[in-house]
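One structure is given here, and the rest of the page talks about it.
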Amino acid sequence: MTRPRCRIPSVALVATSSLLLTAALLPTVGGVADAAPDSPLVLATAPSGERWDADLSVVDRDDVNVRRTAAGLRLRETRATGHRGRSPHSAVAEGMLLTTSRALARPATRVRAEIDASVPTGATVEAQVRGWRTLGWTEWQTATVGAVFDRSVTQVQTRVVLTATDGGATATVRGVRLTADATAAVSAATPGRTYRVYATRVGLVGEVTANGRTVQPRDHFVALPSRRGLSPLNTGDYTVRVCTTNGARCEYAPVWDVGPWNTRDDYWNPSSVRENWKDLPQGRPEAQAAYQSGYNGGRDQFGRTVLNPAGIDLADGTFWDGLQLTTNAWVDVAYLWTGGGPRGVVGDGPLNIRSGAGTSYAVRGLAARLAHVPIQCYVTGQRVVGPYRTTTRWNRLATGQYVSHAYLSSVYGGSVPVC
């Protein structure tokens, strides 16, 4: 889990003295890179294309640990999470501002960001973007070196992520300019991915997740060790399907937190995309490699000794009620945003998923509220009166289980055929 004052002189943006942000300034395995103390971070002008400035003036409920000052956007609190030093959660102070999405005048396949900021030693600033296409949102990508999408996107959303060492100075962000174009090559869409990883229980009721949610008793969500798959507050844009290894129980749950252990380990991605630990096999979390084989000296990105091989954290409701686990265990996780096909949004939940099209069929798990579930086709079954409609339609999910259409607030990603 991540939770994320010092006055920094303002430095004017001057094109002739601008500094191009390169990969050398980006965080690397084992730590984060630093700029010189109080140095201005200014990116050179991006290529031609549709341009706009991210609105950094509004800090509201979907933003985490940031504040707007006269000088610019800063971390509100630079103390790291209060968990024990050997906790698998973040070892640095973090904050995040999420902007409203922007509808593009024309589809784009690449977005670049220019940041105007002062960054003291130990602090970092990163602009990340995601794009909307027919199948839903892409993963979050770093835009300061150019984010390239596998398909054309029609909307772009930006978030600004700030970090600082525990109790250290915070960066001050004065502006972020985005440029979208369609000059990048488009590759074929990737299929959905499923990996077996070790799951631990989140607990931490009353604490705040990386996307700003206060953890509730028997809550239903998961944490993954990368912000690339982090859903904004009160959304299920990034949803996983977690199943016991025998397939007896599954839960569809949104990703609302970052962890365990690492914050830049999108292990479900191929090495060409994976942010850190590129030499590890796809699907193997760094914490697992560190714990099982001493990878990286048996330590996480913060230098802490890894005490378990966890690649996912499960909130208490997902752990106890969805999967009916009694102890930490290996699970099969599908990272649903990497797949395709129609998706249904669970508007009211947790919703029972059943073995057939009626409430008399066995319950095989749960779909959390706001989770996005992959719909294969639909059948006619028992009539259900729900919060969104009264219907006999039951949607068959990609696992062969069923949910009543009465509980889905919307469907996107294409038309759903009859089974």
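In terms of Cα atoms, the Rg and Dmax of region 257-393 work out to 18.9, 58 Å.
Test of the criteria: in region 364-404, which trypsin sites (Lys or Arg not before Pro) are in a DSSP loop and have at most 15 other Cβ atoms within 10 angstrom of their Cβ? Spell out each step's value before the answer.
Numbers: sites: 364, 369, 383, 389, 393, 396; in loops: 369, 389.
Passing sites in region 364-404 are 389.
With Cβ to Cβ distances under 14 Å as the rule, what net charge do the other residues near residue 416 carry (K, R +1; D, E -1)? Around residue 416, the charge tally is +3.
In region 324-396, carbon and sulfur make up what percent of the accessible area (probe 1.4 Å)? Don't skip to the end; give the middle numbers.
Numbers: 1350 of 3060 Å².
Of the solvent-accessible surface of region 324-396, carbon and sulfur hold 44 percent.
Compute, for region 90-209, the length of the dipole vector about the Cα centre, with Cβ point charges of +1 (Lys, Arg) and -1 (Asp, Glu) only. Units Debye, rounded to 20.
On the way: 13 positive and 9 negative charges, 105 e Å.
Value, rounded to 20: 500 debye.
Cα centroid distance between region 319-380 and region 210-238, in Å? That distance is 16 Å. Across region 262-328, Cα-Cα pairs farther apart than 16 Å form 51% of the total.
The values are calculated or read from the model by the stated rules, or taken from the named source; none is laboratory data. This is a predicted model, so every value here is computed, not measured. Don't worry about glycine lacking a Cβ; one is built from the backbone with ideal geometry, like all the others, and counts go over all protein chains shown. In case anyone asks, the SASA skips ligands and DNA or RNA and just uses the protein heavy atoms, side chains included. Shrake-Rupley method; radii C 1.70, N 1.55, O 1.52, S 1.80 Å.
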